[in-house]
Amino acid sequence: MVSLIDLKVIDTATLFAGPTAAMLLGDFGADVIKIEHPRRGDPARGHGAAADGVGLWWKTLSRNKRTAAVDLSEPEGQEILRRLAADADVLVENFRPGTLERWGLSPEALWAENPRLILARMTGFGQFGPMSGRPGFGTLAEAMSGFAASTGDPEGPPVLPPLALADGVAGLTMAYAVMVALRARESTGRGQIVDMAIIEPLLGLLGPQMTAYRALGVIPERTGNRSASNAPRNTYRTRDGRWVAVSTSAQPIAERVIRLVGRPELAERPWFASGAGRVAHVDELDAAVGCWIAERDADEVIAEFTRAQAAIAPVYDVSDVAKDPQYEALGTFVELPDEELGAVTVQNVLFRLSETPGEVRWAGPPLGRHTDEILADLRYPAEQIAALRERGIIA
């Protein structure tokens with residue numbers, strides 16, 4: 001039995017952060033109902049690579065979800081959402097603050113019919129404050145959090161990530177927040193609002209930057225692939241033109257690496273005994289490790305590091321990930337039958353539970369695939385469903 005089999009989640013959010021949170025709940029059995037605009041759909045359908053005109057990112061992002069195409073700007077569409085929320089456990093939304101209230105679907109109105117509802121509100125800047133009304137996307141969070149300012153080469157510009165990093169981190173955090181709210185509901189019997197601003201969770205991954213700034217006035221500088229805390233830590237090119245990444249976050253690992261590359265005398269220097277000391281001598285350490293690696297092919301380098309119990313990994317692109325034996329052993333990817341593409345490969349559940357494992361049951365469905373089914377569950381008669389479709393309120 002999967003963990004969240006009795007949970008009903010309404011996902012009205014678009015793009016990535018809110019839908020990621022709903023996806024994670026669906027992985028463990030929650031009945032996730034995805035609401036999209038009848039004509040536009042979720043913009044995530046058009047992001048990234050497509051096969052035969054079908055967006056592939058969507059296939060992962062909306063896996064395990066039933067999708068209904070409903071125009072929430074129309075009163076009849078708002079009534080559908082109200083009826084869905086009446087027996088739901090969680091409503092995920094990322095509308096501009098005040099939108100639900102304008103539709104007569106404020107938290108108080110929803111709780112009047114379902115006091116146990118968790119309202120998960122995901123916005124760029126939160127529900128209040130001077131920027132709360134602005135459109136917010138992950139890129140803005142990556143800029144405002146300090147992530148971009150601390151990423152890239154020291155002499156180069158700030159660097160944005162080539163993925164929806166802030167959205168993904170916010171989605172993971174929201175899934176955790178929803179579970180905390182559900183646990184609280186077991187004691188109180190009441191739902192509550194989860195107010196998450198996408199600009200905040202990424203800050204937590206940057207470490208104690210604000211703590212250090214307030215205490216010491218320290219502003220992190222860009223260090224490229226190097227670390228401000230430990231050395232050697234970098235990517236290095238091997239003789240056969242491949243790249244490997246080396247980490248020495250633990251002191252014993254740093255000692256093993258420097259002895260392996262033939263510079264044991266460096267490990268005896270007083271400064272080598274701390275990460276800060278090694279960072280102060282990073283050029284010398286990088287030269288020692290980089291020269292040793294450059295004289296050997298990647299397979300030999302990895303084998304020697306493995307024998308020495310030092311930390312190293314090849315720098316992969318997706319074609320390398322596809323054939324890696326560790327990912328294969330973990331079952332990291334799963335191929336699913338798909339009504340649009342025949343078959344599609346998506347990433348599997350992100351972790352394994354020994355007693356109540358999750359499961360990817362189907363990939364993201366076509367627009368409106370389950371509209372009739374979902375409205376029938378709400379006891380809409382067939383003739384009313386047909387009338388709503390005729391007027392373009394559903395699809």
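The values are calculated or read from the model by the stated rules, or taken from the named source; none is laboratory data. Treat the numbers as computed from the prediction; the structure is a model and nothing was measured. Cβ coordinates were reconstructed from backbone atoms using ideal geometry, including for glycine residues, and neighbour counts include every protein chain displayed. Ligands, DNA and RNA are excluded from the accessible area calculation, which covers all protein heavy atoms including side chains. Shrake-Rupley method; radii C 1.70, N 1.55, O 1.52, S 1.80 Å.
Assess whether Ala215 counts as being assigned to a helix (DSSP H, G or I), surrounded by 15 or more Cβ atoms within 10 Å (Cβ to Cβ) and at pLDDT 95 or above.
For Ala215, the condition - assigned to a helix (DSSP H, G or I), surrounded by 15 or more Cβ atoms within 10 Å (Cβ to Cβ) and at pLDDT 95 or above - is not met.
Return the residues of segment 63-87 that are closer than 12 Å to Ile394 by Cα and small (Gly, Ala, Ser); say none if nothing qualifies.
Within segment 63-87, Ala68, Ala69, Ser73, Gly77 meet the criteria.
Is one or more of the residues making up segment 308-322 free of Cβ contacts under 8 Å to residues at least 12 places away in the same chain, within 30 Å of Ile253 (Cβ to Cβ), open to solvent by 20 Å² or more (accessible area, probe 1.4 Å) and part of a loop (DSSP other than H, G, I, E, B)?
Within segment 308-322, one or more residues are free of Cβ contacts under 8 Å to residues at least 12 places away in the same chain, within 30 Å of Ile253 (Cβ to Cβ), open to solvent by 20 Å² or more (accessible area, probe 1.4 Å) and part of a loop (DSSP other than H, G, I, E, B).
Just checking, how many residues over segment 174-186 are among the aromatic types (Phe, Trp, Tyr) and buried (at least 20 other Cβ atoms within 10 Å of the Cβ)?
Of the residues in that region, 0 qualify.
Yes or no: Lys65 among the basic types (Lys, Arg) and either without any contact (Cβ under 8 Å) to a residue 24 or more places away in the chain or buried (at least 24 other Cβ atoms within 10 Å of the Cβ) (or both)?
Yes; evaluated as a whole, the condition is true for this residue.
Of the residues in segment 21-37, how many are open to solvent by 20 Å² or more (accessible area, probe 1.4 Å) and of a type outside the set (A, V, I, L, M)?
2
Taking the options Ile293, Ile385, name whichever one is closer than 30 Å to Leu4 by Cβ and open to solvent by less than 90 Å² (accessible area, probe 1.4 Å).
Just a single option satisfies the conditions, and that option is Ile385.
Tell me yes or no: at least one residue of segment 295-314 is of a type in the set (A, V, I, L, M) and in contact with a Phe, Trp or Tyr (Cβ under 7 Å, 6 or more places away or on another chain).
Yes, segment 295-314 has at least one match.
May I ask you to list pairs of residues, at least six apart or on different chains, whose Cβ atoms are under 8 Å apart, with the first in segment 46-62 being under 16 Å from Trp362 (Cβ atoms) and the second being of a type in the set (Ser, Thr, Tyr) and open to solvent by less than 60 Å² (accessible area, probe 1.4 Å)?
Leu61/Thr20
Considering only residues that are aliphatic (A, V, I, L, M) and surrounded by fewer than 18 Cβ atoms within 10 Å (Cβ to Cβ), look in segment 151-173 and name the one that is nearest to Leu350 (Cα to Cα).
Going through the qualifying residues, I end up with Leu172.
Which condition breaks for Tyr327 when tested against (1) exposed (fewer than 15 other Cβ atoms within 10 Å of the Cβ); (2) more than 24 Å from Pro43 (Cβ to Cβ)?
Answer for Tyr327: the failing condition is (1).
For the condition part of a helix (DSSP H, G or I) and either in contact (Cβ under 8 Å) with a residue 24 or more places away in the chain or surrounded by 15 or more Cβ atoms within 10 Å (Cβ to Cβ) (or both), what is the one hit in Glu373, Glu340?
After applying the criteria, what remains is Glu373.
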